[in-house]
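Chemist: This is the structure I have questions about; it appears just below.
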């Protein structure tokens with residue numbers, strides 16, 4: 001007993017020393033994990049790509065090409081390669097088609113916006129000054145005139161390279177090496193990610209089996225089944241959420257483009273892309289997108305901005321009450337308060353990516369804790385509406401007195 005106690009004390013002292021140095025040198029630990037994450041980026045990207053492509057891959061493997069090899073078993077080995085090739089061709093083809101169709105119009109809209117910034121600023125300044133001049137002196141409140149034209153003209157000139165061309169070229173020359181390096185690393189990581197994702201799909205069953213084998217060997221027996229249940233639930237929730245959120249954002253962008261084209265509002269492609277992309281982030285994303293797009297239209301035509309705000313409010317109500325619940329199954333059983341909590345917490349911990357993945361991760365935690373809490377309350381004898389709290393308390397007091 002003395003030997004066991006002594007070993008336990010030594011173990012706790014060792015843990016305390018390690019924890020102290022970890023906190024004292026936390027910046028080195030963070031830099032180490034950052035370095036490791038940079039190395040593992042292709043694997044992380046590859047896992048994400050494999051996770052996205054897995055749904056069409058399984059569909060083609062189990063539904064479309066399932067008949068291959070029924071008569072000649074030698075051809076059954078072609079089922080997986082054909083499913084992988086078809087899935088990647090479709091997914092990458094859709095992405096390429098989207099970029100080739102949207103990107104030129106998007107670039108054209110951005111160039112046109114920056115080119116017309118001075119005239120937009122002049123019109124906006126005139127509108128604001130005319131509007132505020134009616135309230136000058138009202139209740140002693142005075143509004144100074146606003147001149148946005150000069151500010152936006154200078155900004156647009158810097159963007160378009162009309163002023164300080166030599167300084168601009170010098171800055172570009174200094175940054176060109178870093179930019180080229182970043183571009184090369186970017187394409188290198190994503191090329192490796194695509195290759196790794198193919199290996200993930202090919203070896204998926206083997207990797208799952210190996211993971212189960214390691215989990216059964218390492219985890220205590222009572223934790224094995226709960227761990228597998230959590231993994232299964234996480235895969236289901238994350239898959240449904242990512243596909244659903246992406247589909248919802250595409251629908252929102254298309255609806256915005258159709259309505260803007262019908263009413264003849266300016267920059268329909270640019271604004272629809274902003275609305276669709278920002279809609280991926282729950283709760284705060286649509287608000288940010290509406291503010292950005294509203295400001296763009298405010299510079300062009302304040303009347304169009306007013307009607308656009310009315311339109312986006314209606315569109316967000318339709319999305320929140322009709323489209324998103326159908327796609328995401330009523331926010332997967334979680335209230336709006338906890339949705340907001342998960343977005344804020346995920347964004348605070350991991351930035352923009354945390355705002356997107358924070359919701360499905362929190363849904364998994366929410367469901368697991370909810371089941372345990374409900375089971376414990378039912379075991380203790382509480383009703384679903386907790387109307388018998390006093391009765392349960394009295395019964396517990398009676399049991400304690402008997403003991």
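Chemist: Normalized C-alpha radius of gyration of segment 220-393, against 2.2 N^0.38 Å?
Modeler: Cα Rg divided by the expected 2.2 N^0.38 Å: 1.33.
Chemist: Provide, in order from the shortest bin, the percent of all Cα-Cα pairs of segment 344-390 in each 5 Å bin, continuing until the bin that contains the maximum pair distance.
Modeler: Each 5 Å bin holds this share of Cα pairs: 5, 20, 17, 13, 12, 10, 10, 9, 3, 0.
Chemist: Roughly speaking, what is the stretch gain from residue 292 to residue 212, that is 0.36 nm per residue apart minus the C-alpha to C-alpha distance, in nm to one decimal?
Modeler: Separation in residues times 0.36 nm, less the Cα-Cα distance, equals 24.1 nm.
Chemist: Per-residue counts of other Cβ atoms within 10 Å, averaged by peptide: what ranking do you get for 89-95, 79-85, highest first?
Modeler: 79-85, 89-95
Chemist: Oh, and also: If you take the beta carbon distance between residue 204 and residue 28 as r and set R0 to 41 Å, what does 1/(1 + (r/R0)^6) give as a FRET efficiency, to the nearest 0.05?
Modeler: 0.70
None of the figures in this text is laboratory data; all of them are computed from the coordinates on show. None of these values were measured; they are calculated from a predicted model. Cβ coordinates were reconstructed from backbone atoms using ideal geometry, including for glycine residues, and neighbour counts include every protein chain displayed.
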